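One structure is given here, and the rest of the page talks about it.
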Amino acid sequence: MWLVFAALSAVFAALTAILAKVGIEGVNSNLATAIRTLVVLAMAWIMVFLTKAQGGLASIAPKSWLFLILSGLATGASWLCYFKALQIGEVSKVVPVDKLSIVLTVIFAVLFLNESVTQKSIVGCILIGIGTLLMVLK
């Protein structure tokens with residue numbers, strides 16, 4: 001089931017870039033990010049209440065709060081940079097560079113979470129890097 005959700009995530013992420021590029025025309029990128037964030041916030045809380053998950057708020061450990069807040073700050077910084085890049089760049093070049101996050105995530109997972117990687121993962125990361133360069137270089 002994770003694969004279905006991951007594939008849907010990829011579809012929605014692709015739509016996000018296209019819809020954002022059209023929507024951001026003539027709009028300050030920070031304002032556009034704030035509007036998008038409000039929509040995401042509303043959707044997230046609707047899902048919390050629809051799934052009756054709001055009761056779990058009281059049981060979240062301080063460490064989890066800290067890292068969820070840090071993750072939120074990283075997401076916000078990513079979105080602000082992404083929207084600015086979309087505003088001034090071509091979607092077909094911005095998105096591949098943004099997806100270098102895959103390679104960085106693997107590196108960070110090894111460094112900070114002590115995860116191991118296979119040779120296939122290393123080759124895949126190298127190919128993603130090469131593919132990104134091919135897509136963005138003129």
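Scanning the stretch 1-51 for residues that are exposed (fewer than 10 other Cβ atoms within 10 Å of the Cβ) and either outside any helix (DSSP H, G or I) or in contact (Cβ under 8 Å) with a residue 12 or more places away in the chain (or both) yields MET1, GLU25, GLY26, THR51. The condition of being assigned to a helix (DSSP H, G or I), surrounded by fewer than 14 Cβ atoms within 10 Å (Cβ to Cβ) and of a type in the set (A, V, I, L, M) holds for ILE107.
Cβ separations smaller than 8 Å between residues 6+ apart or across chains give the following pairs from the stretch 112-138 residues that are touching a residue at least 24 places away in the same chain (Cβ under 8 Å) to residues that are among the hydrophobic types (A, V, I, L, M, F, W, C) and part of a helix (DSSP H, G or I): ILE128/ILE102; ILE128/VAL103; GLY129/VAL103; THR132/VAL97; VAL136/VAL97. Among the residues of the stretch 106-135, just one is at pLDDT 95 or above and within 20 Å of THR16 (Cβ to Cβ), namely ILE128.
The values are calculated or read from the model by the stated rules, or taken from the named source; none is laboratory data. The model shown is predicted, which means the values in this text are computed figures rather than measured ones. FYI the Cβ positions are ideal-geometry reconstructions off the backbone, even for glycines, and counts take in every protein chain you see.
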